[in-house]
Amino acid sequence: MDPIKGKSSWVTIGAFDGVHLGHQKILSELTEGNNERANAVTFFPHPGVFLNQISEPYYLSTPAEQKQLLQAFGVDEVLIFEFDQTFSRLSPRDFIQKVAERMVISGLLIGYDFRMGADRAGDHFKLKELGKEFGFNVSIVEPVLYKNKPISSSRIRDALKKGLLQQANEMLGYPFSIAGEVVHGDGRGRHIGLPTANIQTWPMKILPNAGVYAALVDVDNVEYRSVVSIGYRPTFYKNTASKTIEVHILDFSREIYGKNLRVHFLERLRAEEKYDSVEKLMEQIKCDIINADEIFSHAKKSPRLFT
């Protein structure tokens, strides 16, 4: 990779999964009143995914989403290192040397709990030592609290797994979203008079807990109201392990197979349930739409964080 050219930089380093309110505080301090470039250094795969050999959905943001979010909050350049066995064994000094080869660091802003390098030896004290050697200042940014505890990506993941969408959104500072291509499903929704767009997403991106959600959906840069079902369709199938994402866009009849949609989750309407008949399911869906309309009437416009 070619070195990042330009002025000397204020730099922040971290995993930045989801770019939540805690990350946003760091980015705000990185960019506000700073006449130099604001750069972010991150990793892929996530160190936790690599070191713990995680194979199930984990990420709050895809690599592309993470870069878009960092830039939306003011970062000029995003430097992504491949996190592999060799990288995981770098000493803190070797790690900083690698960053310094790519950009001139005049200041380093890091979160209160940041550690890096082999055995997580690069704590605040070590980084300040390295700052004297390499010629940069180190600033520590205090956490943003939610319900009296520091916001973290792991707390947001846990909230999504438990169906606590409101808590996840409040910690993120924006509605959690997913994006993917509209693919062919089994056609059952259209057959029962409820056409849905089946979305195929990045397999490592975490999904909200199974249930029905009020959401806003971007189609060709236009936002539409929708009701989204995530789960296993127990009314129609038994013991399926395949989780689906079905988006029913309200007052919409266009053919959109092959298009990429982004779904912004506003509120969880209910848990996924099994119904005795299609008629009872349709009655419930009509109630879901009425409840979703009430949410839409009070919803704020989604921030345009993704392109």
Would you mind stating whether residue 261 is within 30 Å of residue 63 (Cβ to Cβ), in contact with a Pro (Cβ under 9 Å, 6 or more places away or on another chain) and assigned to a strand (DSSP E or B)? no
For segment 264-277, how many residues meet the condition of being in contact with a helix residue (DSSP H, G or I) (Cβ under 9 Å, 6 or more places away or on another chain) and either part of a strand (DSSP E or B) or crowded, with 16+ Cβ neighbours inside 10 Å (or both)? 6
Which members of segment 206-229 meet the condition of being more than 22 Å from residue 61 (Cβ to Cβ) and not in a strand (DSSP E or B)? 220
Over segment 30-51, the set of residues at pLDDT 95 or above and not hydrophobic (A, V, I, L, M, F, W, C) is 39, 42, 45, 46
How many residues does segment 169-191 contain that are surrounded by 15 or more Cβ atoms within 10 Å (Cβ to Cβ), part of a loop (DSSP other than H, G, I, E, B) and modelled with pLDDT under 95? 1
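Residues being of a type in the set (Lys, Arg) and closer than 13 Å to residue 138 by Cβ: count how many of those fall in segment 102-114.
Total satisfying the criteria: 0.
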Conditions (1) in a loop (DSSP other than H, G, I, E, B); (2) of a type in the set (A, V, I, L, M, F, W, C); (3) under 29 Å from residue 243 (Cβ atoms): number failed by residue 114: (3)
Criterion first (touching a strand residue (DSSP E or B) at 6+ places or on another chain (Cβ under 7 Å), in the same structural domain as residue 201 (by TED's automatic domain parsing), without any contact (Cβ under 8 Å) to a residue 40 or more places away in the chain and among the hydrophobic types (A, V, I, L, M, F, W, C)) does residue 252 satisfy it? yes
Given the conditions (1) more than 19 Å from residue 128 (Cα to Cα); (2) in contact with a strand residue (DSSP E or B) (Cβ under 8 Å, 6 or more places away or on another chain), every one holds for residue 109 apart from (1)
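For every residue, the table says whether it meets (1) touching a residue at least 12 places away in the same chain (Cβ under 8 Å); (2) out of contact with any Lys or Arg (no Cβ under 6 Å at 6 or more places or on another chain).
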site	(1), (2)
25	yes, yes
36	yes, no
53	no, yes
58	yes, yes
84	yes, yes
91	yes, yes
Just to be sure I understand, how many residues within segment 247-258 are surrounded by 13 or more Cβ atoms within 10 Å (Cβ to Cβ), part of a loop (DSSP other than H, G, I, E, B) and out of contact with any helix residue (DSSP H, G or I) (no Cβ under 9 Å at 6 or more places or on another chain)? 2
Failed condition for residue 67, given (1) farther than 16 Å from residue 138 by Cα; (2) assigned to a loop (DSSP other than H, G, I, E, B): (2)
Hey, residue 137 hits all of (1) crowded, with 18+ Cβ neighbours inside 10 Å; (2) touching a Gly at 6+ places or on another chain (Cβ under 6 Å) but one; which does it fall short on? (1)
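The values are calculated or read from the model by the stated rules, or taken from the named source; none is laboratory data. This is a predicted model, so every value here is computed, not measured. As a convention, Cβ positions derive from the backbone with ideal geometry for all residues, glycine included, and neighbour counts pool all protein chains shown.
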